[in-house]
Amino acid sequence: MYKAIAILSFSIIALLSCLTLLMMIAIFYTKSFQSMWKKSPSLALFHVSNILLAVQSLCCAGQWILFALGVIENVPENLFQLLSISHAGMVITQFNYYSTVALFLQRIYHLLFPANAVKRFNTVVLSILFAASLISSILPVYTLIAKSNAANGRPVPEGCYSIDCLNIADTVADFTRLFQFSYALCRIVVLNALGVYMLYLLRKHAKNIQSVLEKKNNSFARYVFCLHVFVQMLPFGIDTLLASTAHIHISEYIGPYGVLGCAIDFTVQTLVYYSLLRGERRKVVTVKST
């Protein structure tokens, strides 16, 4: 990968992360976290996970830009620093994934049982998903410790601007790699199944939804799923297919597409929610004035 392409990609990631954080400030200024938590805990946690992703992406982009410019030296002593921020992103991604699952489950529950109280459902679901998020964070921490002690000379090869191509010994056992692949596959299947079922229910019950708040939350959940498919899952699937058949890696041509896709994802999600929130407030003001 050319250095200029890497710097450009990480600069875009940094810009998107800053925009997301600014929009988050505007969102929580308009609607407090406490108010959002009372109405939808899963939505509040989802926004928190996006804030954490934006901060981590900004730090990751800054780190690799400094590395590309030679400010961070390519020596084994800096390997832990290079690995830690990226592995922190893996942990935050687990939190974001389970927050997304909780968001979809809440929408599905509202559509299937609109008259039922949702407080107990939220408590049970969030407790289970929070525990799962903590457990799934153990593996990234384990691999961080294992890899940080396995540097060989210059840890970053020429043209590498990602932890995926670092020059370190293979310290991860076959069983661990198999578990990582199986777990990632299960995550994709579960999220897609929930998303598709949610879209089906939204279409089926569209005429029965009268509340402005419910319409806004349903629209946002729909955008979240569609964005995730197009800017993260689709590029990952194409890259996997090309790598296994033609031995071509997208990252060699367009830079760190995974981090860039994640940045586009949480930025557009935040923009969509901010637009829906402003539209809701304009309707409230219009009704009061009439």
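The values are calculated or read from the model by the stated rules, or taken from the named source; none is laboratory data. Keep in mind the model is a prediction, meaning the values are calculated, not measured. Cβ atoms come from the backbone with ideal geometry, glycine included; neighbour counts cover every protein chain shown.
Overview of results
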| item | result |
| --- | --- |
| Counted residues, the range 21-45 - those being within 22 Å of Asn122 (Cβ to Cβ), in contact (Cβ under 8 Å) with a residue 60 or more places away in the chain, out of contact with any His (no Cβ under 9 Å at 6 or more places or on another chain) and of a type outside the set (S, T, N, Q) | 5 |
| Test: Ala169 is exposed (fewer than 12 other Cβ atoms within 10 Å of the Cβ), modelled with pLDDT under 85 and closer than 30 Å to Leu8 by Cβ | no |
| So Ser57, is it within 19 Å of the chain's Cα centre (by Cα), under 26 Å from Tyr161 (Cβ atoms) and either modelled with pLDDT under 95 or not basic (Lys, Arg) (or both) | yes |
| For Ile25: the one exception among (1) modelled with pLDDT of 95 or more; (2) touching a Lys or Arg at 6+ places or on another chain (Cβ under 6 Å) | (2) |
| Residue within the range 223-243 that is closer than 18 Å to Lys31 by Cβ and at pLDDT 85 or above present | yes |
| Residue within the range 185-192 that is buried (at least 18 other Cβ atoms within 10 Å of the Cβ), in a helix (DSSP H, G or I), on the phi < 0 side of the Ramachandran plot and at pLDDT 80 or above present | yes |
| Subset of the range 206-225 [exposed (fewer than 15 other Cβ atoms within 10 Å of the Cβ), touching a residue at least 12 places away in the same chain (Cβ under 8 Å) and not β-branched (Val, Ile, Thr)] | Asn208, Leu213 |
| Boolean, Leu260 is closer than 27 Å to His205 by Cα and touching a helix residue (DSSP H, G or I) at 6+ places or on another chain (Cβ under 7 Å) | no |
| Filter result for Ser42 (among the small types (Gly, Ala, Ser), within 30 Å of Gly279 (Cβ to Cβ), modelled with pLDDT of 95 or more and touching a helix residue (DSSP H, G or I) at 6+ places or on another chain (Cβ under 6 Å)) | no |
| Single unsatisfied condition, Glu77 versus (1) part of a loop (DSSP other than H, G, I, E, B); (2) without any contact (Cβ under 8 Å) to a residue 12 or more places away in the chain; (3) of a type outside the set (Ser, Thr, Tyr) | (1) |
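Conditions (1) surrounded by fewer than 15 Cβ atoms within 10 Å (Cβ to Cβ); (2) touching a Phe, Trp or Tyr at 6+ places or on another chain (Cβ under 7 Å), marked per residue:
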{"residue": "Lys3", "(1), (2)": "yes, no"}
{"residue": "Ala6", "(1), (2)": "no, yes"}
{"residue": "Ser32", "(1), (2)": "yes, no"}
{"residue": "Ser40", "(1), (2)": "no, no"}
{"residue": "His47", "(1), (2)": "no, no"}
{"residue": "Gly62", "(1), (2)": "no, no"}
